[in-house]
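Inspection log for the structure reproduced underneath, given as C-alpha cells.
The values are calculated or read from the model by the stated rules, or taken from the named source; none is laboratory data. Nothing here was measured: the structure is a model prediction, and the numbers come from that model. When we count neighbours, we look across all protein chains shown, and the Cβ atoms used for this are built from the backbone with ideal geometry, even at glycine.
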Amino acid sequence: MHPLRNRQFRLAQRPTGALVPETWAYVENPMPEPGEEQFLAQVLYISLDPAMRGWLNDAKSYVPPVQLGEVMRAIAVGKVLDSKHPKFVAGDLVVGLFGVQAYALSDGKGVTKVEAGLVPLPTYLSTLGMPGLTAYFGLLDVGKPREGDTVVVSAAAGAVGAVVGQIAKIKGCRVVGLAGGPEKCRYVVDELGFDACIDYKHDDVKKKLRETCPKGVDVYFDNVGGEILDFVLTQITRGARIVICGAISQYNTPNPVGPKNYLSLLVNRASMAGMIVFDYTPRYGEALMQMGAWMAEGKLKSKGDVVKGLETFPDTINKLFKGENFGKLVIEV
Ligand SMILES: NC(=O)c1ccc[n+]([C@@H]2O[C@H](COP(=O)([O-])OP(=O)(O)OC[C@H]3O[C@@H](n4cnc5c(N)ncnc54)[C@H](OP(=O)(O)O)[C@@H]3O)[C@@H](O)[C@H]2O)c1
C-alpha cells in the first residue's frame, strides 16, 4: 500500500447562509492510483473563489451543484506524479478542477499545462487564470470601454477587480475603484494606478462617486451587487454599460435583493448584462497572450494572498466574504 494518504474536504451539509464548519467533512483516504487514460496529480495550490459558495446551492446554475458527499470543487495547480494518460507525463505542471484535496485523479478534461519559472504558480489561478480571464472578457467584451470613459469597479483590490481596473487604465479610461478599508484603497491607487478609490466601509459612497466621477459612470463592472450597485445606478451616463460579474454581498443571503434604481437604465438607455467566463473558453489563448505581454511590460500587476495548509480550508474560504483576503486567495497545500 502507498505510504501517503489523500486528504479531502467534502460537502457534508448544504449551507443556508454563511459557510460554517459543519458545511464540510474532512476525510482521509488511501492514495488513489491512475487507471487507463488518467493521471494522478499532487495538488499544490487551491484557488478559493466566491463562486464556490454558489456551487453549494441546490439550484439551477451555469454548472451543476456540488453533491452531498462529493469532494469540494475547486480550481487548482498540481504536479503530475504518475500518468497513464497519453498527453501527460510525470513532472507536468497542470491547472484543472482538482478539488479541495491533496491528490487528485484526472482524465485530463479541461486541464491545461503551465510552465514553471515564468510567473509564480499561483498567478495561474489569478491574473493568468480564471479571475484574469473574467476581467479581460467582462470588461472588454461586455463593458466595451472607450478611451476617455469613466470605468468604476467594485471589489477593486481583489483578483478580478484589480485586473479590470488595470486593463481599463491601459485602454485610456479614468478608473475609480471601490474597496473595503484605507489600506486596500491606497494599494489600488498607489500600486495599481487607479485614479481614485472609494472606501465603501467608511466613505459616503454616493457623494464620493459624484466627486470622483464628475462626468458620470460610463462602465460599471459589478462584483458585489447590493447597495453599491444601486448607488452607481444613480450616476450612470447615457448609454452606460453595467457588467454583472458577481454579487458577493448577496451570496450568503437566502433571498438576494436586486437593484431598486433599475429605471436609471431606461432613462439613460443603458444596459446591464451578466457574463460567465466559461463562455469564452475558445478565446482564452488570445487573452492570456495579451495579459502575459502586459505583465512582462509591467503594466499588469498581480497580488496573491497565500494561506498555508489544506486544513485551514473551512476558515480560509470565509475570508472572501469578510473582505479579509488582500489579493487573490489561494491555499498552498
Ligand atoms: N461571472 C464570472 O464568470 C465570474 C468569474 C470569477 C469571479 N466572479 C465574481 O467576481 C467577484 C470577485 O471575485 P474575486 O475572485 O476577484 O474575489 P476577490 O475580490 O478577490 O475577493 C472577494 C472580495 O469581495 C469583497 N466583499 C466581500 N463581501 C462584500 C460585501 N458584502 N460588499 C462589498 N464587497 C464585499 C471583499 O473586498 P473588500 O475588502 O474590498 O470588501 C473581498 O475581498 C465575485 O462576485 C465573483 O463571484 C465572476
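Considering the conditions (1) touching a helix residue (DSSP H, G or I) at 6+ places or on another chain (Cβ under 7 Å); (2) touching a residue at least 60 places away in the same chain (Cβ under 8 Å), Gly323 is excluded by exactly one of them, (1). Being over 13 Å from Ile228 (Cα atoms), within 12 Å of the ligand (Cβ to nearest atom) and touching a Gly at 6+ places or on another chain (Cβ under 6 Å) is a property that holds for Val188.
Looking only at residues in the range 14-45 that are under 28 Å from Ala159 (Cα atoms) and touching a Ser or Thr at 6+ places or on another chain (Cβ under 9 Å), the one that is surrounded by the most Cβ atoms within 10 Å (Cβ to Cβ) is Ala41. Filtering the range 143-181 to residues that are part of a helix (DSSP H, G or I) and more than 10 Å from the ligand (Cβ to nearest atom) leaves Gly143, Gly165, Gln166, Ile167, Ala168, Lys169, Ile170.
Which condition number in (1) modelled with pLDDT under 95; (2) under 25 Å from Arg53 (Cβ atoms) is the one that Val119 fails? Going through the list (1) modelled with pLDDT under 95; (2) under 25 Å from Arg53 (Cβ atoms), Val119 breaks only (2). Determine whether the range 275-293 contains at least one residue that is surrounded by fewer than 18 Cβ atoms within 10 Å (Cβ to Cβ), aliphatic (A, V, I, L, M), over 30 Å from Asp190 (Cβ atoms) and touching a Leu at 6+ places or on another chain (Cβ under 8 Å). Within the range 275-293, not a single residue is surrounded by fewer than 18 Cβ atoms within 10 Å (Cβ to Cβ), aliphatic (A, V, I, L, M), over 30 Å from Asp190 (Cβ atoms) and touching a Leu at 6+ places or on another chain (Cβ under 8 Å). Of the strands (runs of 3 or more DSSP E) that lie entirely inside the range 215-333, those containing 1 or more residues that are over 27 Å from Gly99 (Cα atoms) span 217-222, 236-244, 271-274. For Ala296, the conditions (1) more than 14 Å from the ligand (Cβ to nearest atom); (2) surrounded by 14 or more Cβ atoms within 10 Å (Cβ to Cβ) are fulfilled apart from (2). Of all the numbered requirements in (1) more than 8 Å from the ligand (Cβ to nearest atom); (2) surrounded by fewer than 17 Cβ atoms within 10 Å (Cβ to Cβ); (3) not acidic (Asp, Glu), Leu310 misses one, and that requirement is (2). The residues of the range 127-159 that are under 20 Å from Met295 (Cβ atoms) and touching a Gly at 6+ places or on another chain (Cβ under 6 Å), listed by number, are Val153, Ala156.
Close contacts from the range 273-285, counting a first residue that is among the hydroxyl-bearing types (Ser, Thr, Tyr) and a second that is surrounded by 14 or more Cβ atoms within 10 Å (Cβ to Cβ), with Cβ to Cβ under 8 Å and a gap of 6+ residues or different chains, come to Tyr280/Leu133; Tyr280/Phe137; Tyr280/Asp141; Tyr280/Ala287; Tyr284/Leu133. Of all the numbered requirements in (1) buried (at least 17 other Cβ atoms within 10 Å of the Cβ); (2) near the ligand (Cβ under 10 Å from one of its atoms); (3) under 17 Å from Arg53 (Cβ atoms), Asn318 misses one, and that requirement is (2). Of the listed requirements (1) free of Cβ contacts under 8 Å to residues at least 60 places away in the same chain; (2) buried (at least 20 other Cβ atoms within 10 Å of the Cβ); (3) under 29 Å from Arg186 (Cβ atoms), Val151 misses just one: (1). Where residues in the range 210-232 are surrounded by 23 or more Cβ atoms within 10 Å (Cβ to Cβ) and more than 14 Å from the ligand (Cβ to nearest atom), which of them is nearest to Asp149 (Cα to Cα)? In this case the residue turns out to be Asp218. When Ser106 is tested against (1) among the polar types (S, T, N, Q); (2) out of contact with any Ser or Thr (no Cβ under 9 Å at 6 or more places or on another chain); (3) closer than 30 Å to Asn255 by Cβ; (4) crowded, with 20+ Cβ neighbours inside 10 Å, exactly one condition is not met: (3).
For the range 234-246, filtered to residues that are buried (at least 23 other Cβ atoms within 10 Å of the Cβ) and of a type in the set (A, V, I, L, M), the residue that is nearest to the ligand (Cβ to nearest atom) is Val243. Tallying residues that are more than 16 Å from the ligand (Cβ to nearest atom) and either under 21 Å from Gly246 (Cβ atoms) or of a type in the set (Asp, Glu) (or both) within the range 261-293 yields 7.
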